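First up is the structure itself, then whatever we jot down about it.
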Amino acid sequence: MWTEHLDLHSHSTHSDGEHAVETVAAFMAAEGVRTWSLTDHDTTSGWKEGAVAALKHGMRFVPGVEITCEPALSPNGDHLQELNRDRASSSWHLLAYFPHHEPGTSNEGITGFHSWLAPRQDGRGPRMQAMCHRLTELGMPVNYQNVERRAGGSVGRPHLAEEMIDLGYVSSKQEAFEKWIGDGLPGFVPHQKPSIAEAVQAVKAAGGITSLAHPLYYGVPPTTLCKTLADLGVNAVETVHRSHSDAYRFSLQQAAEANGLSTTVGSDFHGLKSQTRPGHMPVPVGMLPKSLMDV
């Protein structure tokens, strides 16, 4: 049995999404999504809005967050070449879901998770200030406060790219990332990130489950990747993502199943400027984590 009614990976203006939470929820509902998770980067500030908006549109809301982590494995050059990718991401992104938590209520586990996550979110500010300083030294003055104002919650490189466009330094976000602020480029500044193991422990302590987001970006063969995830205690892998070809999705699904991992599905919706619609991604119901199943 298959379903297209879940979308467990999306972003709002609380991080680097284009639209407010209510607008994201409306898009999800209009496309037939019944179970939706808002997974802004390193912040839970949109959870209450998400729960209210999901209720309004008749959807189940799953509180989520996308945690920026250190890579657990180095990329494989041959595999990157097979995928036609120049380089791997300098961070791995772990999706955390709290399907039994009701936003607006408090419990010891969730309070502890918020305390653990807060420094990661707060650390984005100093990092962005350092990137603005670096770009200024490169002859492209950028005011940090202007970048910060573009973020509804968690400031990130897409907000800096938008400011660079408005200042006339680049013509597109793609140019900003490919020439200046992408991983390892002149305007890039890394920030301290937890390990996958540390993030898994924090999420589990709060009663949540985890899934590795868009594994295509990391340049690790599916078999090696999924074995490592299982060893680290990760619950699932995002096999169904808009960046995945059918062939890659199939090989990843096989590796996940062989290592006892569940499957999650997400459009990684950031807004209509970057993609046309969320949802519409078929996934086998039997491979979904039981707590996220929508039959």
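Structure notes:
- For V265, the residues 5 or more places off, or on other chains, whose built amide H falls under 5 Å of its own are L8.
- Length gained on full extension, S245 to K179, computed as 0.36 nm times the residue gap minus the Cα-Cα distance: 21.1 nm.
- The chain, relative contact order in percent, only Cα pairs under 8 angstrom and at least six apart counted: 26
- Proxy reagent accessibility, fewest Cβ within 10 Å first, across V24, V234: V234, V24
- The alpha-carbon atoms of the chain, seen along their principal axes, cover 56, 46, 37 angstrom, with the largest extent given first.
- Residue-averaged [θ]222 nm for the chain, counting only DSSP H segments that reach four residues, each worth -39500 (n - 2.57): -11000 deg cm²/dmol
- FRET efficiency estimate (nearest 0.05) - Cβ-Cβ, H133 to S90, R0 25 angstrom: 0.80
- Peptides 88-97, 165-174, 66-75, 8-17 ordered by packing proxy, namely the average of other Cβ atoms within 10 Å per residue, highest first: 8-17, 88-97, 66-75, 165-174.
- Take the Cα of Q201, go 7 Å toward its beta carbon, and the backbone nitrogen atoms of segment 88-120 under 15 Å from that spot belong to 113, 116-117.
- Cβ crowding within 10 Å averaged over residues, with 181-187, 156-162 ranked highest first: 156-162, 181-187
- Three-way shape call for segment 62-184 based on the alpha-carbon gyration tensor, with the a/c threshold at 1.5: oblate
- Distance from the Cα centroid of segment 68-126 to that of segment 226-283 is 15 Å (rounded to whole angstrom).
- 18 Å cut-off, amide nitrogen to a point 7 angstrom out along S115 Cα→Cβ, residues in segment 42-76: 44
- Contour minus Cα-Cα distance for K290 and E70 (0.36 nm per residue): 76.4 nm
- For a label point 7 Å along the Cα-to-beta-carbon line of V52, residues of segment 88-106 with backbone N under 18 Å: 102-106
- Rounded to 5, the percent of DSSP beta bridges in the chain classed as antiparallel: 45
- Spin-label model, S172/E82: points 7 Å from Cα along the beta carbon direction are separated by 2.9 nm.
- For segment 124-181, the Kirkwood radius over C-alpha pairs fed into Stokes-Einstein at 10 °C and 1.306 mPa s yields D = 144 µm² per second.
Quick note: the coordinates plus some simple rules give every number you see, no bench work behind them. The shown structure was predicted, so the numbers you read here are calculated from the model rather than taken from an experiment. Methodologically, a virtual Cβ is constructed for each residue, glycine included, from the backbone with ideal geometry; neighbour enumeration extends over all protein chains shown.
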